[in-house]
Amino acid sequence: MSRIISRRRLIVSGLTLAAGATGIAGAVRLADRYGLIPPDHGGLFGIGETLTYASQRMLMSRQRLAREFGRSDISKVIPVNGRAPKKDAYQRLLRDEFRDWRLAVDGLVARPSSFSLEDLMSYPSHSQITHQACEEGWSFIAEWTGVRLSYVLDLVGADPRARYVVFFPFDSFWESIDMADALHPQTFLAYGMNGQRIPTDHGAPVRLRVSRQLGYKSVKYLSRMTVTDTLQPFGKGTGGINAEYGYSWWAGI
Amino acid sequence: MHLGEPMRHSAIVRATHWVMAAATVALIVSGVAILIAHPRLYWGETGGVGGPSLIDLPIPFLLGHSGWGRYLHFLAAWIAVASGVIYLIYGIVTRHFVREVLPSSTDLVPGSYNAMQRGAYTILVFMIGPLVLVSGLAFSPAIASVMPAVVAVFGGQQSARTIHFFAGLAVVVFFVGHLVMVWLNGFVARTRAMITGRASTEGS
């Protein structure tokens with residue numbers, strides 16, 4: 001190896017470095033434009049998060065389906081993770097079997113609306129038997145019934161500029177997903193589980209189901225959802241309470 | 001450093017070795033952090049508390065503290081994969097694998113030290129490494145939607161998790177064995193060889 005750095009070599013390395021820096025800056029701009037940078041991209045860990053999110057998003061075209069199973073595969077034991085909210089607003093609705101419950105939809109939509117449980121149940125229903133894994137390591141298979149999120153987004157006239165949908169439940173575990181998942185045919189607002197209404201502790205009356213991500217993205221006890229083009233104004237800007245607690249925003253992992 | 005000393009490890013081998021060593025330590029530490037959230041292993045597609053388990057590891061459940069573990073695990077995995085790919089390409093192109101890693105016919109004397117050493121490296125590089133990577137990918141719901149075969153090959157996502165655990169354990173066993181062998185053969189000289197690339201025949 002030569003110890004003398006010639007002028008020619010210096011110029012070549014300088015140009016390579018400049019090209020590399022320009023290349024990276026260009027790649028970052030492109031990646032952001034195509035929605036390949038997650039909201040928790042900051043810091044050292046953010047590098048890993050961005051690589052995982054961008055590569056998995058590029059691998060999955062929108063219509064890639066999560067595996068579906070048969071009725072005989074449905075788990076006999078379905079652990080409960082986190083009990084139903086104790087707060088009055090939720091308990092009152094629960095006592096009345098959610099007669100006065102409404103799901104509010106606002107943000108970048110042409111027609112801000114709110115839907116009753118009856119409204120949601122009157123729309124074309126969709127069932128699927130899918131696997132759900134908790135980030136802790138346990139998992140189960142269940143049959144879920146509900147209405148596709150894309151159907152509801154269509155009803156309210158979601159703006160084409162929108163990039164995310166943010167979900168606010170009665171408990172504190174708010175979350176968000178990108179439009180690729182929001183419009184996916186296996187992403188839906190579920191009101192039924194294994195042929196019955198969703199049991200209280202599993203997210204009654206309506207929970208989100210995002211079939212290609214870990215369980216904590218499937219927000220329970222829904223109350224409101226907002227369509228947006230940026231996650232900056234929500235919480236600490238990292239797209240959900242789980243990312244604030246140190247869990248990946250992108251949970252296709 | 002004397003230039004007359006024989007060149008033992010090339011620059012690429014040395015660089016990928018240390019990057020991989022750092023990534024492996026990070027993967028083991030973060031792997032344990034993730035495991036203690038649910039130290040129970042299952043077989044098949046599903047498994048959880050209240051249902052049958054394959055193995056209950058003698059570790060208490062320390063729920064809810066594996067967030068940083070997962071962030072670190074994925075960052076270290078990307079570094080390990082990048083380093084592994086560079087090493088694989090290098091090993092094939094320069095015939096490093098054929099010359100220095102795969103057991104040669106002259107090594108195949110039962111009980112010979114060289115055969116065991118080469119055998120251990122071969123198993124790590126070509127079997128445990130790919131197994132730990134693919135079994136890890138298999139419990140990603142996103143990857144499962146793109147390549148269901150990755151899950152099917154293990155017989156379910158919980159089976160993949162169990163195999164990932166044992167493949168990780170094999171990495172730990174190799175890591176400890178490797179350190180013991182380096183220690184027995186002169187820690188300073190061997191470590192110096194892996195840093196500078198040159199081996200002193202007299203040790204140091």
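Conditions tested, residue by residue: (1) within 14 Å of chain B (Cβ to nearest Cβ); (2) in a loop (DSSP other than H, G, I, E, B); (3) exposed (fewer than 11 other Cβ atoms within 10 Å of the Cβ).
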residue	(1), (2), (3)
A:GLY26	no, no, yes
A:ILE37	no, yes, no
A:ASN81	yes, yes, no
A:LEU93	no, no, no
A:SER114	no, no, no
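One line per residue, one yes/no per condition, for (1) closer than 29 Å to B:GLY155 by Cβ; (2) not in a helix (DSSP H, G or I):
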position: B:VAL25; (1), (2): no, no
position: B:ILE28; (1), (2): yes, no
position: B:ALA33; (1), (2): yes, no
position: B:PRO52; (1), (2): yes, yes
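Which residue is most open to solvent (accessible area, probe 1.4 Å), if the candidates are limited to the range A:219-250 and must be farther than 15 Å from A:TYR164 by Cα and within 11 Å of chain B (Cβ to nearest Cβ)? My answer is A:TYR245.
Evaluation of A:LEU189 against the conditions (1) away from every other protein chain (no Cβ under 14 Å); (2) free of Cβ contacts under 8 Å to residues at least 60 places away in the same chain; (3) under 29 Å from A:ILE37 (Cβ atoms); (4) outside any loop (DSSP other than H, G, I, E, B) shows that the sole unmet condition is (2). Under the condition of being within 13 Å of chain B (Cβ to nearest Cβ) and among the hydroxyl-bearing types (Ser, Thr, Tyr), the residues counted in the range A:133-148 number 1. Considering the range B:112-204, the qualifying helices (runs of 4 or more DSSP H), each wholly inside and each with 3 or more residues that are buried (at least 20 other Cβ atoms within 10 Å of the Cβ), out of contact with any strand residue (DSSP E or B) (no Cβ under 9 Å at 6 or more places or on another chain) and free of Cβ contacts under 8 Å to residues at least 12 places away in the same chain, run over B:141-146.
Please determine whether any residue of the range B:73-80 is at positive phi and within 9 Å of chain A (Cβ to nearest Cβ). No, the range B:73-80 contains no residue that is at positive phi and within 9 Å of chain A (Cβ to nearest Cβ). Screening the candidates B:GLY47, B:GLY51 for the property of being closer than 18 Å to A:ILE78 by Cα, in contact (Cβ under 8 Å) with a residue 24 or more places away in the chain and within 10 Å of another protein chain (Cβ to nearest Cβ) yields one hit, B:GLY47.
So for the range A:61-72 (the condition being in contact (Cβ under 8 Å) with a residue 24 or more places away in the chain, over 23 Å from the mean Cα position of the chain (by Cα) and part of a helix (DSSP H, G or I)), does at least one residue qualify? Spell out how you get there, then give the answer.
Of the residues in the range A:61-72, the ones in contact (Cβ under 8 Å) with a residue 24 or more places away in the chain are A:62-71.
Imposing the further condition that a residue be over 23 Å from the mean Cα position of the chain (by Cα) reduces the set to A:70-71.
If we keep only those that are part of a helix (DSSP H, G or I) too, we end up with A:71.
Yes: one or more hits.
Quick check, is B:PHE61 on the phi < 0 side of the Ramachandran plot and facing chain A (nearest Cβ under 8 Å)? Break it down stepwise before answering.
Values: on the phi < 0 side of the Ramachandran plot: yes; facing chain A (nearest Cβ under 8 Å): no.
No; evaluated as a whole, the condition is false for this residue.
Criterion applied to A:THR52, A:THR22, A:THR16 was being part of a helix (DSSP H, G or I), at pLDDT below 90 and farther than 30 Å from B:MET7 by Cβ, and the one residue passing it is A:THR22. The set of residues from the range B:18-39 being open to solvent by 50 Å² or more (accessible area, probe 1.4 Å) and either within 11 Å of B:ILE195 (Cα to Cα) or over 11 Å from the mean Cα position of the chain (by Cα) (or both) comprises B:TRP18, B:VAL19, B:ALA22, B:VAL29, B:VAL32.
Taking the numbered list (1) within 26 Å of B:GLY156 (Cα to Cα); (2) at the interface with chain A (Cβ under 9 Å from one of its Cβ atoms) in turn, B:ALA11 passes all entries but (1).
Exactly one residue among A:ASP181, A:ASP171 is assigned to a helix (DSSP H, G or I) and either within 14 Å of chain B (Cβ to nearest Cβ) or open to solvent by 10 Å² or more (accessible area, probe 1.4 Å) (or both), and that residue is A:ASP181. Residues in the range A:70-79 that are of a type in the set (Ser, Thr, Tyr) and open to solvent by 30 Å² or more (accessible area, probe 1.4 Å): A:SER72 only.
If we scan the range A:60-71, do we find a residue that is among the acidic types (Asp, Glu) and within 14 Å of chain B (Cβ to nearest Cβ)? Explain how you work it out, then say what you get.
Quick first cut of the range A:60-71, residues among the acidic types (Asp, Glu) only: A:68.
Those left that are additionally within 14 Å of chain B (Cβ to nearest Cβ): A:68.
Yes.
The values are calculated or read from the model by the stated rules, or taken from the named source; none is laboratory data. All values derive from a computational prediction rather than experimental measurement. Ideal geometry is used to build each Cβ from the backbone, glycine not excepted, and the neighbour counts take in all protein chains shown. Areas reflect the complete protein model, heavy atoms only, side chains present, ligands, DNA and RNA absent. Shrake-Rupley method; radii C 1.70, N 1.55, O 1.52, S 1.80 Å.
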